[in-house]
1. In the range 483-542, how many are among the charged types (D, E, K, R), in contact with a helix residue (DSSP H, G or I) (Cβ under 8 Å, 6 or more places away or on another chain) and not in a strand (DSSP E or B)?
2. From the residues in the range 1-42 that are of a type in the set (S, T, N, Q) and either closer than 30 Å to L108 by Cα or modelled with pLDDT under 95 (or both), which one is least open to solvent (accessible area, probe 1.4 Å)?
3. Test A45 against the stated conditions and say whether it is at pLDDT below 95, part of a loop (DSSP other than H, G, I, E, B), out of contact with any Leu (no Cβ under 9 Å at 6 or more places or on another chain) and open to solvent by 60 Å² or more (accessible area, probe 1.4 Å).
4. With A16, A102 as the choices, which residue is closer than 30 Å to P364 by Cα, small (G, A, S) and part of a helix (DSSP H, G or I)?
5. Criterion first (open to solvent by less than 10 Å² (accessible area, probe 1.4 Å), in contact with a Leu (Cβ under 7 Å, 6 or more places away or on another chain) and not in a loop (DSSP other than H, G, I, E, B)) does S76 satisfy it?
6. Only one residue in T154, T191 is open to solvent by less than 20 Å² (accessible area, probe 1.4 Å) and under 27 Å from A235 (Cβ atoms), so which one is that?
7. Determine if the range 506-525 includes at least one residue that is closer than 24 Å to W252 by Cβ, in contact with a Lys or Arg (Cβ under 8 Å, 6 or more places away or on another chain), surrounded by fewer than 21 Cβ atoms within 10 Å (Cβ to Cβ) and at pLDDT 95 or above.
8. Are there any pairs, at least 6 apart or on different chains, whose C-beta atoms fall under 7 Å, with the first in the range 441-469 and closer than 23 Å to L219 by Cα and aromatic (F, W, Y) and the second part of a helix (DSSP H, G or I) and open to solvent by less than 20 Å² (accessible area, probe 1.4 Å), and if so, which?
Amino acid sequence: ALGLGDTPAEAAECAAESLRDGFEAARTRYVREWREWLPAPALDAAPPPSRDVSAMSAIVLRTCESKENLGGIVASLSLPWGFAKSDDDMGGYHLVWPRDLAETAGALLAIGAIDDVQRVLSYLQATQCDDGHWPQNMWIDGAPYWDGIQLDETAFPILLMDLARRNDALPAADVQKFWPMLRRAAVYLVTQGPVTQQDRWEEDPGYSPFTLAAVIAALLAAADFADGQGDATLATYLRETADCWNDSIERWTYVSGTDLARRTGVDGYYVRIAPPEVAESASPASGFVPIKNRPPGETSEAASHIISPDALALVRFGLRAADDPRIVNTVKVIDALLKIDLPGGPSWHRYNDDGYGEHADGTPFDGTGIGRAWPLLTGERAHYELAAGRPEAATRLLHAMEAFANEGGLISEQVWESADIPERELFLGRPSGSAMPLVWAHAEYLKLRRSLQDGAVFDVAPQAQQRYLREKKTSPFTIWRFSHKCRELPAGRTLRVETMSPATIHWSADNWKTTHDVTTRDTGAGIHVADLPTAPLGAGTELLFTLFWPQAKRWEGVDFTMKVVATSSSR
């Protein structure tokens, strides 16, 4: 008998109680409760010749939920390359990442585990920070661990709540209960975006296609909730901001005519992430991004040279069509640089020059290494193939994910992609020494199973699909903020100046020969906006403006400049 406790006496008492109850009683109860919980869809047979790991995936998700802080699901019970760590190493994935948690809850929805999803939403409500965001990661009791801020981790709880509502897992009374949480999260996104402090790989700041897709979709979902709560002013502002950011995605993250584009035979592609300075330089091709986990001297690359499957999120969240030429171009570059063909099927790297993985000789990652293929990226690519109308290709990728699992059905964070090194237990196409099981990977697998069953991507954002793919909605605005000082105004656009307190915008289009004043108005999100009637201004016009703060009775004391430029045809 095994007994656990805070003291030896407590552990001994637990063991003694188990022995008194007997093994058969414990076994019978254990098996009965698991069989009662496992949702039927998780046990449905997968398409042949599948090595079905859906039941194991569901078990992994439930096993990683805290038994004390209900709804808190850790990213993994494992410690990556733990065999090379000391007993004093407190690292590992036994923490809650809000993004992974929301992805996991989406998979629970996909298999019909509605009660579990409601526990997750309650946990998210209890752990939200006062300003509306969630920590980068946290201990199971909600105490923050790392202090980075990733905007997608605040967007995902909104998308989860919307997904739950659309799948009859969020009654009207619960919408009312969770609305304050959702509103704070939406306000945080709209005030802090579009630049994220960290991308989803927890490394770099800037304009990330994945983060932008999640945030824009979340703003549209939050606007629907705001309408339902009678907050029409906030709903309008959230949609207007989403539209403006959506129109800017290509300007921020798409490059054309680069050496890489010529080498891969495409016009252009979406980069992995563009540095924050893009707002002022107007092109991601002119910036550099840090590359983590690389040796000294190899820690910076031109943004235009770094590619990631993250751009497929623009399709996953409904912002771009799967056959959009820019997406198709990017897929070609992704496959040229990141695709790895393995015995079980293809997989992909997070980005080129990634350093998170074993070294070439198989020694464990120690702060540097070589990035390896991720099974969850195979699942994400399968969702793209399904969105593109190729279910057979998506099914083959489902089988690849199953082939990457170990003998017990556990899916790892990464798989080994080089020749076998038996003495290190590394075999081609099999789990590496990274985290296993990775809950996020199992969640992606279950959602893929559901998507194939439905014949459509399960967690796509319908608001974005309707607004951008069917209605072809564009924005009349270009947004300027102190945290986002854009230097160019496309001709025909209205300049929207946003401040965190009331202001008067004093502006001129003829070097102060004539001036105009526009007073800001409250958006309901703690942001005040003034729309300057700049649409009639022609390309080449130089716009000057400054601000007067009525509450402080002072001028800003700085003149800001914007140049009207010819309208881009990228959107």
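1. Looking only at that region, the number is 2.
2. Restricting to residues being of a type in the set (S, T, N, Q) and either closer than 30 Å to L108 by Cα or modelled with pLDDT under 95 (or both), the top hit is S18.
3. Here the answer is yes, as A45 does meet what is asked.
4. From the options A16, A102, the qualifying one is A102.
5. It is false that S76 is open to solvent by less than 10 Å² (accessible area, probe 1.4 Å), in contact with a Leu (Cβ under 7 Å, 6 or more places away or on another chain) and not in a loop (DSSP other than H, G, I, E, B).
6. T154
7. no
8. Note: pairs meeting the criteria are F458/A110; F458/K447; F458/S451; Y468/N246.
The values are calculated or read from the model by the stated rules, or taken from the named source; none is laboratory data. Remember, predicted model here, so these are calculated numbers, not experimental data. With ideal geometry, Cβ positions are generated from the backbone for all residues, glycine too; neighbour counts draw on all protein chains shown. Keep in mind that these areas ignore ligands, DNA and RNA; they rest on the heavy atoms of the full protein, side chains included. Shrake-Rupley method; radii C 1.70, N 1.55, O 1.52, S 1.80 Å.
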